[in-house]
Amino acid sequence: METEAKIPLGEVRGRIDHLAIDVPRQRLYVAELGNDSMGVVDLKERNTIRTLSGLREPQGIAYVPSTDTVYVANAGDGSVRLFQGADLTPGGQIALGSDADNVRVDDRASRVFVGYGDGALAVIDAKTHSKVGEIGLKGHPESFRLESAGPRIFVNVPDAHAIAVVDQTSDKQVASWQTGGLRANYPLALDESGHVLAVFRHPARVGVFQAQDGRLLSSFDTCGDSDDVFVDAKRHRVYVICGEGFIDTFAQDGDQFRRIGHLATVGGARTGLFSPDTDRLYLAARATLAHPASIWVLRPVL
């Protein structure tokens, strides 16, 4: 990885959570949890153009191109706030209950999924902006991903020491993969070869599961306190972002992975976003005594 730029976020303090991108406008949306705000970054000009305040511990965030809407999930009051169009006009909110967290979008079905509470995925109709269903789980969901060519959703449920498998056809959990001695599974990603990659904090390892049946194919060490993982399908690489202050890069060869990069960042910088469209990895770096909060723009090295 090479650092192209560090974009200051302004007077933003505390923890920064997840990111979303609006590719046509070249905007990055930043859930500034500790600041109760959302940052709006112009990636072309490489500056922060707005900070929207009044949120309640924003965690998850997603952009829905079909309706030009940003969804922001708030842990503080369990709501999902909506912002629409170029001006990010407030578009109302959806009450979920508590601890609204990760957000994922299924553009094909015009549905948005939000993990929340003691164990559920809320199902939101992206056209009507209303909650239309709920999928029960056996614990609070952390990262989850929708498979691109099928109906399944894979969900990290660390309190249950499991990865849950949800069927969108029935909107029900259909399987649970126990993780054994691997605990605290927070980040999760899918690759094109049928692997579910779950990153664990105790111990700090990546588990490679077969998507077909949940069999653990391999596991390997990574950096500590991870909260985001991404697959670079173009280069057959995996990027693990860790609050320990590193980004680990792994090269994939079938079921095997080897570490080829260990980039030093800053302590507490454990979230980010890899965008295949811009071919960049964006890292959210919280403020320190020496440096303001910023977005690092990282370019993968071929």
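Every number here is computed from the coordinates shown, using simple stated rules; none is lab data. If you're wondering where the values come from, they're calculated on a predicted model, not measured in any experiment. For neighbour counting, all protein chains shown are included, and Cβ atoms are generated from backbone atoms with ideal geometry for every residue, glycine included.
Tabulated values for the structure
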{"item": "3J(HN,Hα) from dihedral phi, the stretch 169-184, Karplus parametrisation 6.51/-1.76/1.60, rounded to Hz, x for glycine, proline", "result": "5, 9, 6, 9, 6, 10, 7, 9, 9, 6, 9, x, x, 8, 10, 6"}
{"item": "Point-to-point label distance, T51-V23, nm (Cα→Cβ direction, 7 Å offset)", "result": "3.0"}
{"item": "Label-reachable residues, the stretch 86-101, where backbone N falls under 20 Å from a point 7 Å from D68's Cα toward its Cβ", "result": "86-93"}
{"item": "Simple Cβ-charge dipole of the chain, Lys/Arg +1 and Asp/Glu -1, about Cα centre, in debye nearest 20", "result": "260"}
{"item": "Cβ-Cβ FRET estimate between F220 and V301, R0 fixed at 25 Å, reported to 0.05", "result": "0.75"}
{"item": "Selection from G92, G117, G261 lying farthest towards where the dipole of the chain points positive, charges on Cβ", "result": "G261"}
{"item": "Spin-label model distance (nm) - Q210 vs R13, 7 Å beyond Cα toward Cβ", "result": "5.2"}
{"item": "Amide H contacts under 5 Å for G133, placed H, 5+ residues apart", "result": "V123"}
{"item": "Dipole of the chain [Lys/Arg +1, Asp/Glu -1 at C-beta], most positive-end residue of G224, A62, V196", "result": "G224"}
{"item": "Gained length - E147 relative to T128, 0.36 nm times residue gap less alpha-carbon distance", "result": "4.5 nm"}
{"item": "Full-stretch length increase - I260, D167 - with 0.36 nm per residue and alpha-carbon distance subtracted", "result": "29.9 nm"}
{"item": "Phi to ³J(HN,Hα) by Karplus 6.51 cos²θ - 1.76 cosθ + 1.60 over the stretch 17-33, Hz, x for Gly, Pro", "result": "9, 7, 10, 9, 10, 10, 5, x, 8, 6, 10, 10, 9, 10, 7, 8, 3"}
{"item": "Residue-span extension gain [K44 to Q178] - 0.36 nm each, minus C-alpha spacing", "result": "43.9 nm"}
{"item": "The stretch 2-299: relative contact order as a whole-number percent, Cα under 8 Å and 6+ apart", "result": "13"}
{"item": "Largest-first principal axis extents, alpha carbons of the chain, Å", "result": "46, 43, 31"}
{"item": "Cα convex hull volume per residue for the stretch 173-302 (Å³)", "result": "115"}
{"item": "FRET efficiency, 1/(1 + (r/R0)^6) with R0 25 Å, evaluated for E2 and T278 via beta carbons", "result": "0.95"}
{"item": "Cα-projected label distance for D107 with D253, points at 7 Å along beta-carbon direction, nm", "result": "3.5"}
